[in-house]
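See structure below.
Each value in this text was obtained by applying a stated rule to the coordinates, not by laboratory testing. Because the structure is a prediction, the values reported are computed rather than measured. Virtual Cβ from ideal backbone geometry, glycine too; neighbours counted across all protein chains shown.
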Amino acid sequence: MKTSTKEYQILSPVFEDCWKIFSAHFPHLQHPVMRIGRNKKTWGICYGCTPAKISLSKALAKKPLEFQQHVIFHELCHLIYPNHRREFYDLLDCFDPTHQHQNERTNSRIDKMEEMRRKVMGEML
Ligand SMILES: [Zn+2]
């Protein structure tokens with residue numbers, strides 16, 4: 001695992017912040033290993049081993065912070081639910097920053113977030 005890449009330096013603190021919030025609710029979980037992958041088709045991949053490995057796309061480092069958190073929380077929720085069923089999205093909604101602050105945004109911003117969300121979900125289904 002390369003820890004010296006620029007992308008790792010950018011995404012690692014974001015990952016740790018998300019993990020802190022997430023693991024406070026699920027203290028039985030083991031800290032997953034975060035890596036930067038060469039994922040071209042997905043923003044993130046979660047491998048369900050012990051400890052779990054979460055591979056984030058290099059390209060994610062260039063995205064806005066909220067979107068990075070959105071992807072990371074998506075992968076963290078897979079530690080609980082490996083699928084994309086209703087309960088998975090119910091859980092994700094509790095953490096996802098692009099969901100929580102929707103009411104404070106203008107409609108175009110919400111549309112943009114929704115578009116991004118659909119894109120990510122579509123790519124990962
Ligand atoms: Zn997923």
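Modelled spin-label separation between V33 and H99, with each label point placed 7 Å from Cα along the Cα-to-Cβ direction: 2.9 nm.
Close amide-amide hydrogen proximity is noted between G44 and S57, each under 5 Å apart and 5 or more residues distant or on a separate chain (H modeled in the peptide plane; Pro and chain starts excluded).
Taking other residues whose beta carbon is less than 15 angstrom from the beta carbon of I80, and scoring Lys, Arg as +1 and Asp, Glu as -1, yields -3. Computed 3J(HN,Hα) for region 60-72, one whole-Hz value per residue from the Karplus formula 6.51 cos²θ - 1.76 cosθ + 1.60 where θ = phi - 60°, is 5, 4, 8, 8, x, 3, 4, 5, 4, 5, 4, 5, 5, glycine and proline marked x. Under the simplified labelling scheme, the Y81-E16 pair shows an inter-label distance of 3.0 nm, with each label point 7 Å from Cα along Cα→Cβ.
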